[in-house]
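Below is one structure, written out as structure tokens; the observations come after it.
Since every read-out is calculated from the coordinates, none of them should be taken as a lab result. Remember, predicted model here, so these are calculated numbers, not experimental data. Here the Cβ positions follow ideal geometry from the backbone for every residue, glycine too, while neighbour counts run over all protein chains shown.
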Amino acid sequence: MSDAIEGGCRCGQIRYRVAAEKLPSVYACHCRDCQTWSGSAFSLQFIVPEGQLAVTGEPAIYERTSPESGRTSRQRACPTCFTRVFNTNNARPGLAVVRAGTLDRSDELNIVAHIWTKRKVGGIVIPDDAPSWPESAPPADFAAALMRTY
Ligand SMILES: [Zn+2]
Ligand SMILES: [Zn+2]
């Protein structure tokens, strides 16, 4: 068993390695966009400085500017199997948001925070002690929640 923090797309063409000592804290976003994009109940993500994310393979890029916020996200996906792997956003320069389910060790993850819970799918129970917000979280509170260790 490797302690490396690595992941990749379903077919293996896009692989990445995170330069970190331990698995990142992950959060769930239950917003409609994340449900549509993942085809699932929520997206599972972690945030890492771009400099700590080493990607191999040539991802396809999908750029989308939100009509509401005017912010542009650049989504990186595998051009062969279409797994969406990570994105950057001009609102948060230097940071990558990685789809945590693409980690090889995803079964060792623990969700430390939930956002957009007002869009949550029925049957998903959020633990009472898990920080959660009905919509997006105030940045400082959210950062503090993600710093929690487990
Ligand atoms: Zn692939
Ligand atoms: Zn979302």
Study note, to complete from the structure: Surrounding charge for Asn110, neighbours by C-beta under 13 angstrom, Lys/Arg +1, Asp/Glu -1, total 0
Check your understanding: Relative contact order of the stretch 59-108: what whole-number percent is it, with Cα pairs under 8 angstrom and at least 6 residues apart?
Key -> 24 percent
Exercise for review: With springs connecting C-alpha atoms under 10 Å apart, model the chain as a Gaussian network and identify which of Gly70, Gly57, Gly123 has the largest mean-square fluctuation.
Suggested key: Gly123
Check your understanding: If one computes P(r) from the Cα atoms of the stretch 18-150, what percent of pairs lie at distances over 27 Å?
Key -> 16 percent
Revision key, fill the gap. Along the dipole axis of the chain (charges at Cβ: +1 for Lys and Arg, -1 for Asp and Glu; origin at the Cα centre), the most positive-end residue among Pro134, Leu44, Ser69 is Ser69
Exercise for review: For the chain, set up a Gaussian network in which alpha carbons nearer than 10 Å are linked by springs, and say which option among Thr102, Thr65, Thr83 fluctuates the most.
Suggested key: Thr65
Review point. Distance in nm between label sites at Asn90 and Ile126, each 7 Å beyond Cα in the beta-carbon direction?
Key: 3.1 nm
Exercise for review: Determine the relative contact order of the stretch 1-123: mean sequence separation of Cα pairs under 8 Å and six or more apart, normalised by residue count, in whole percent.
Suggested key: 33 percent
